[in-house]
Amino acid sequence: MPRVYPASLLSSLTTLRLGGRAAEEFRLDSEDELDACGRWASSLKLPVHVLGGGSNILARDGTLPLLLVRPNFRQGPEVLGEEGDKVIVRAGASVRLPHLLARCAAWGLSGFEGLTGIPGTVGGAVAMNAGSCGCELLPLVRSLRIWSPGTGLKDIFPGQWQFAYRYFALTNAEKYFFIISASFCLTRASSNGIREAMRLNYFKKKSTQPVLAWSAGCAFANPSPELAAGKLLDEAGFKGKRLGGMAFSPLHANFLVNEGKGSAGAALDLLGQAREAVQGRNGITLQLEIKVFP
Ligand SMILES: Cc1cc2nc3c(=O)[nH]c(=O)nc-3n(C[C@H](O)[C@H](O)[C@H](O)COP(=O)(O)OP(=O)(O)OC[C@H]3O[C@@H](n4cnc5c(N)ncnc54)[C@H](O)[C@@H]3O)c2cc1C
């Protein structure tokens, strides 16, 4: 039997601080509970939504018709060994990404520097193929421990998933899956050099993004590497535009910010207006980078 908890307010679990409660919630604390969670999910017939650190989520208001699964796999990070000139590091899906980066910098392991300043967890960063400063997470992944309804628990390797800009999917296209842990290939370098690169990346972000505001990072994906969604939103007059307690940041037009009393309804209205304006002006349909639950 799953351990059922009263569902938590998603506004307390997401960095945008919006959203009501899931109809059902499952906190996944060990690999032993995976099959029970899967069985419960099929008996409920609700869509399954997995929550990591909640830093890329816009949860709707009210009671959400979904099963919220909250993995809690915090093992590591740990060095597993070496393969040629690469060092293999493994971390549980619920390990905070900034913690993984800090540990690897201390161990003199390079690769993650460009991801400095991205909040959330290892699982969420894999599921989003998080990236910044010319660096993406998936090219560094050596293997993933995954549970899915079709195949159960297993380790998978490059070729068994697909990734692109802010996109990750299993090759066998399961309708949902849980990332349990990830192993990464890193290279040896000096800790001081790694920390300096991270420091520079962080300051660059801090001067151009509202890093401490209630947001979920960039709201829309860039239409192409050469065309930033923020530029299109700025040109369409959305930088600083406010609606019902939500606003596009005056610092970075693609950061949707909750000013304190925002709602998911207002957030979706403002996003819709922005999308329409850019469509009308540039003929480009912006795609959301943030995930809307449900
Ligand atoms: C201030 C700020 C700055 C940001 N900067 C960046 C940036 O520079 N680059 C960038 O790419 N992103 C950025 N983001 C967005 C966000 O931090 C990343 O997408 C992050 O990787 C999401 O991780 P999370 O654990 O919070 O995932 P969540 O937000 O909880 O979930 C994101 C997606 O991953 C899925 N997921 C989460 N955990 C698992 C799991 N264990 N198994 C299966 N699926 C899972 C969820 O279902 C959801 O679809 C920023 C966000 C903020 C608030």
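The values are calculated or read from the model by the stated rules, or taken from the named source; none is laboratory data. As the structure is a prediction and not an experimental result, all values here were calculated from the model. As a convention, Cβ positions derive from the backbone with ideal geometry for all residues, glycine included, and neighbour counts pool all protein chains shown. Protein only, heavy atoms only, side chains kept; ligands, DNA and RNA dropped before computing areas. Shrake-Rupley method; radii C 1.70, N 1.55, O 1.52, S 1.80 Å.
Part of a loop (DSSP other than H, G, I, E, B) and open to solvent by less than 40 Å² (accessible area, probe 1.4 Å), is that true of G159?
no
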| Among residues of region 242-264, those that are over 16 Å from A59 (Cβ atoms), out of contact with any Pro (no Cβ under 8 Å at 6 or more places or on another chain) and open to solvent by less than 20 Å² (accessible area, probe 1.4 Å), counted | 4
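Consider S55 carefully, then state whether it is out of contact with any Leu (no Cβ under 8 Å at 6 or more places or on another chain), under 22 Å from A219 (Cα atoms) and touching a residue at least 60 places away in the same chain (Cβ under 8 Å).
yes
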| All strands (runs of 3 or more DSSP E) inside region 1-100 with 3 or more residues being open to solvent by 40 Å² or more (accessible area, probe 1.4 Å) and under 21 Å from I179 (Cα atoms) | 78-83
| task | Could you please give the count of residues in region 105-161 that are in contact with a Lys or Arg (Cβ under 7 Å, 6 or more places away or on another chain), without any contact (Cβ under 8 Å) to a residue 60 or more places away in the chain and farther than 18 Å from N72 by Cβ? | result | 2
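Yes/no matrix, rows are residues, columns are (1) buried (at least 22 other Cβ atoms within 10 Å of the Cβ); (2) near the ligand (Cβ under 9 Å from one of its atoms); (3) of a type in the set (A, V, I, L, M); (4) more than 22 Å from R195 (Cα to Cα):
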| site | (1), (2), (3), (4) |
| --- | --- |
| G108 | no, no, no, no |
| L115 | yes, yes, yes, no |
| G120 | yes, yes, no, no |
| A125 | yes, yes, yes, no |
| M128 | yes, yes, yes, yes |
| S132 | no, yes, no, no |
| L137 | yes, yes, yes, no |
| L140 | no, no, yes, no |
| I146 | yes, yes, yes, yes |
| query | Can you tell me which residue in region 265-285 is surrounded by the most Cβ atoms within 10 Å (Cβ to Cβ), limited to those that are touching a residue at least 60 places away in the same chain (Cβ under 8 Å) and more than 16 Å from the ligand (Cβ to nearest atom)? | reply | L268
| message | I want to confirm something. Restricting to region 167-181 and keeping residues that are crowded, with 18+ Cβ neighbours inside 10 Å and not aliphatic (A, V, I, L, M), which single residue is nearest to Q75 (Cα to Cα)? | response | S181
